[in-house]
């Protein structure tokens, strides 16, 4: 069984996202993601980025770096954000998704797993595919008010999306931690999103989400993902992260608007865990339609 409790504590870790990846060629970038990224960067900074060649834009923003021989290589940040298949080089830089039959207190009640999959691809694809799995295993409460049908999911999707994107963006990508996956554990009473690595810098669990409290372990990756959109074929719109230090506050606001209790955080030297609970009142008062 792979349910893990979350440890408590951590401070500063070195950044590894800007290193060039040996023996990886720049043709491993996804053409659609890369093209949209370049268009977006030229549009938001026409007087600076707009004057550069594609090659120089990628070098300036940390998507690529020259190795010791002078060869341009994708960085870890560039590969995770824009690569076709980053897991070909970092097999555990993925998401392990499991939906359990039971609650956290008895996860295997009723059977081993309700659903289980390993989610791979660049970060925008992994975020979108995780939402696909969450939707498949999340009930939707449907009821009618004033002749109009209103659907209420067990969890607000924008909160789940933000939590998963944050886990992938801010996880520890050091060589020691790259053997660990981001985990999304979906129980009947809660969702846990666990990422390798604790908090970075001076941010604490108590001040996450407050004004001015922001510190990024992976500064190049965070910056790149500001201009990376979701691929065609997914309902997600916009860019993967805003990188304004407001992600957790947005999660809490989404939960509050749906009448759910605040998300809970636990941070330790080796992992970070965010927990969201569903509204048990929905079980008592509403009938459910298939998601």
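Starting from segment 30-42, keep only residues that are on the phi > 0 side of the Ramachandran plot and in a helix (DSSP H, G or I), then list their pairs with residues that are modelled with pLDDT of 95 or more and surrounded by 13 or more Cβ atoms within 10 Å (Cβ to Cβ) whose Cβ atoms are within a distance under 6 Å, requiring at least 6 positions of separation or different chains.
That search, which allows pairs on different chains as well, returns nothing.
Considering each residue of segment 246-280, count those that are surrounded by fewer than 18 Cβ atoms within 10 Å (Cβ to Cβ), closer than 21 Å to residue 216 by Cα and modelled with pLDDT under 90, and give that number.
Result for segment 246-280: 5.
Tell me, please, whether a residue that is touching a helix residue (DSSP H, G or I) at 6+ places or on another chain (Cβ under 7 Å), at pLDDT 95 or above and closer than 22 Å to residue 81 by Cβ can be found in segment 203-217.
No, there is no match, as no residue in segment 203-217 is touching a helix residue (DSSP H, G or I) at 6+ places or on another chain (Cβ under 7 Å), at pLDDT 95 or above and closer than 22 Å to residue 81 by Cβ.
Hey, among 107, 175, 196, which residue is touching a residue at least 40 places away in the same chain (Cβ under 8 Å), surrounded by 18 or more Cβ atoms within 10 Å (Cβ to Cβ) and closer than 27 Å to residue 224 by Cβ?
Among 107, 175, 196, only 196 is touching a residue at least 40 places away in the same chain (Cβ under 8 Å), surrounded by 18 or more Cβ atoms within 10 Å (Cβ to Cβ) and closer than 27 Å to residue 224 by Cβ.
Every residue, every condition in (1) within 26 Å of the chain's Cα centre (by Cα); (2) free of Cβ contacts under 8 Å to residues at least 24 places away in the same chain, yes or no:
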{"position": "44", "(1), (2)": "yes, no"}
{"position": "52", "(1), (2)": "no, yes"}
{"position": "55", "(1), (2)": "no, yes"}
{"position": "59", "(1), (2)": "yes, yes"}
{"position": "62", "(1), (2)": "yes, no"}
{"position": "71", "(1), (2)": "no, yes"}
{"position": "80", "(1), (2)": "yes, no"}
{"position": "89", "(1), (2)": "yes, no"}
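Please list, ordered by first then second residue, the pairs with beta carbon atoms under 8 Å, 6 or more apart or interchain, first in segment 223-237 and without any contact (Cβ under 8 Å) to a residue 40 or more places away in the chain, second surrounded by fewer than 19 Cβ atoms within 10 Å (Cβ to Cβ) and part of a loop (DSSP other than H, G, I, E, B).
Cβ pairs passing all conditions: 226/242.
Return the residues of segment 118-138 that are more than 25 Å from residue 35 (Cβ to Cβ) and surrounded by 17 or more Cβ atoms within 10 Å (Cβ to Cβ); say none if nothing qualifies.
If the condition is that a residue be more than 25 Å from residue 35 (Cβ to Cβ) and surrounded by 17 or more Cβ atoms within 10 Å (Cβ to Cβ), then 133, 134, 137, 138 are the ones that fit.
Within the group 111, 62, which residue is assigned to a loop (DSSP other than H, G, I, E, B), touching a strand residue (DSSP E or B) at 6+ places or on another chain (Cβ under 9 Å) and more than 22 Å from residue 163 (Cα to Cα)?
62
Could you list, in sequence order, the residues of segment 125-134 that are within 14 Å of residue 158 (Cα to Cα) and touching a helix residue (DSSP H, G or I) at 6+ places or on another chain (Cβ under 9 Å)?
127, 128, 130, 131, 134
Can you name the number of the only condition in (1) at pLDDT below 95; (2) crowded, with 17+ Cβ neighbours inside 10 Å; (3) in contact with a helix residue (DSSP H, G or I) (Cβ under 9 Å, 6 or more places away or on another chain) that residue 188 fails?
(3)
The values are calculated or read from the model by the stated rules, or taken from the named source; none is laboratory data. The model shown is predicted, which means the values in this text are computed figures rather than measured ones. Virtual Cβ from ideal backbone geometry, glycine too; neighbours counted across all protein chains shown.
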